[in-house]
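Notes for the one structure printed next.
The values are calculated or read from the model by the stated rules, or taken from the named source; none is laboratory data. As the structure is a computational prediction, the values presented were derived from the model and not from experiment. Virtual Cβ from ideal backbone geometry, glycine too; neighbours counted across all protein chains shown. The area values use the complete protein model at the heavy-atom level, side chains included, leaving out ligands, DNA and RNA. Shrake-Rupley method; radii C 1.70, N 1.55, O 1.52, S 1.80 Å.
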Amino acid sequence: MTLPRKALIAIPAKHFEFYEDGSETGLFYTEALHPYSVFAGAGFEVDLVSETSGFGLDAHSTEDQFLTEEDKAVYRDPEAPFSVSLNKKLKKAADVDPAEYGVFFAAAGHAAIYDYPGATALQSVAQGIWDRGGIVSAVCHGPAILPYVHDKETGKPIVDGKRITGFTTQGEIDLGLIDRITTDNAPLIEDSAAAAGAEYVAPAQPFDDLSITDGRVVTGANPASAHSAARRVVEAFDQL
């Protein structure tokens, strides 16, 4: 079966006051922008989706430290293809046909660990793409969705026995967010990976670029890894 050269980038629908300064978490902007750019550049059609067709941006993700000049140009241009996809054409997960896509990529932001574990329609889309032989991938807090995608034959999560990465617990400590996350009973990526039977691999430092391919599962550790993870997705797709 020939899979469509079409990628679906998931983003968290939830956005809420999260940081001590009162600002919101939501989508970490470049975790969707960079994969979008990589996929489009590799000849994929690209759509964006959330559980509800709504979203908000993580307030810190559009700070200068996280954006290149190229990123800023897209952010400021409402007619840029990515801006149109995000702000005008964001799909609702329940309305998506998984058969139209060969790639599922879960972008994130801290909102993802609150959103993805209960995002049953989004989980179903990822499952459908996996079942048809596609790539399922995630970056940073995006791997929070991976325990909910299962292998049809074993019934276990698709990450069982696989090497994956994602945002480190040490990173949460460094950011001063560990208490908030644990108080809220939101999953830490290292813990959810272990519970799903995966071998978690940490970058040398929490914000170092690290991405990993293990079969049809591709993961990246943090915002700096969104680009390399997306490149790995293209390579893995082209080898199917």
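Hey, can you tell me all the residues within region 151-169 that are more than 17 Å from T219 (Cβ to Cβ) and either within 20 Å of the chain's Cα centre (by Cα) or free of Cβ contacts under 8 Å to residues at least 12 places away in the same chain (or both)? Within region 151-169, E153, T154, G155 qualify. Restricting attention to region 199-225, the residues being part of a helix (DSSP H, G or I) and in contact with a Ser or Thr (Cβ under 6 Å, 6 or more places away or on another chain) number 2. Within region 29-41, is there a residue that is within 24 Å of I181 (Cβ to Cβ), open to solvent by 50 Å² or more (accessible area, probe 1.4 Å), at pLDDT 95 or above and of a type outside the set (D, E)? Scanning region 29-41 turns up no residue that is within 24 Å of I181 (Cβ to Cβ), open to solvent by 50 Å² or more (accessible area, probe 1.4 Å), at pLDDT 95 or above and of a type outside the set (D, E).
Within region 12-23, one or more residues are open to solvent by less than 50 Å² (accessible area, probe 1.4 Å) and within 14 Å of the chain's Cα centre (by Cα).
Taken over region 179-225, the criterion of being within 25 Å of H34 (Cα to Cα) and among the aliphatic types (A, V, I, L, M) is satisfied by L188, I189, A193, V201, A202, A204, L210, I212, V217, V218, A221, A224. Within region 139-198, the residues that satisfy the criterion of being part of a loop (DSSP other than H, G, I, E, B), among the polar types (S, T, N, Q) and more than 18 Å from V233 (Cβ to Cβ) are T154, T168, N185.
Every listed requirement among (1) under 18 Å from the mean Cα position of the chain (by Cα); (2) part of a helix (DSSP H, G or I); (3) over 23 Å from S211 (Cβ atoms); (4) among the hydroxyl-bearing types (S, T, Y) is met by S61 save one, (3).
Filtered by the rule that a residue be farther than 23 Å from E235 by Cβ, without any contact (Cβ under 8 Å) to a residue 12 or more places away in the chain and either surrounded by 12 or more Cβ atoms within 10 Å (Cβ to Cβ) or of a type outside the set (K, R) (or both), region 69-94 gives E69, K72, A73, D77, P78, E79, A80, S83, V84, N87. If only residues of region 143-186 that are within 17 Å of G197 (Cα to Cα) and of a type in the set (G, A, S) are counted, the one that is most open to solvent (accessible area, probe 1.4 Å) is G161. For region 111-122, the set of residues classified as open to solvent by less than 20 Å² (accessible area, probe 1.4 Å) and not hydroxyl-bearing (S, T, Y) consists of A111, A112, I113, D115, A119, L122, listed by residue number.
Checking each residue of region 100-110 against the condition of being surrounded by fewer than 17 Cβ atoms within 10 Å (Cβ to Cβ) and modelled with pLDDT of 95 or more gives at least one match.
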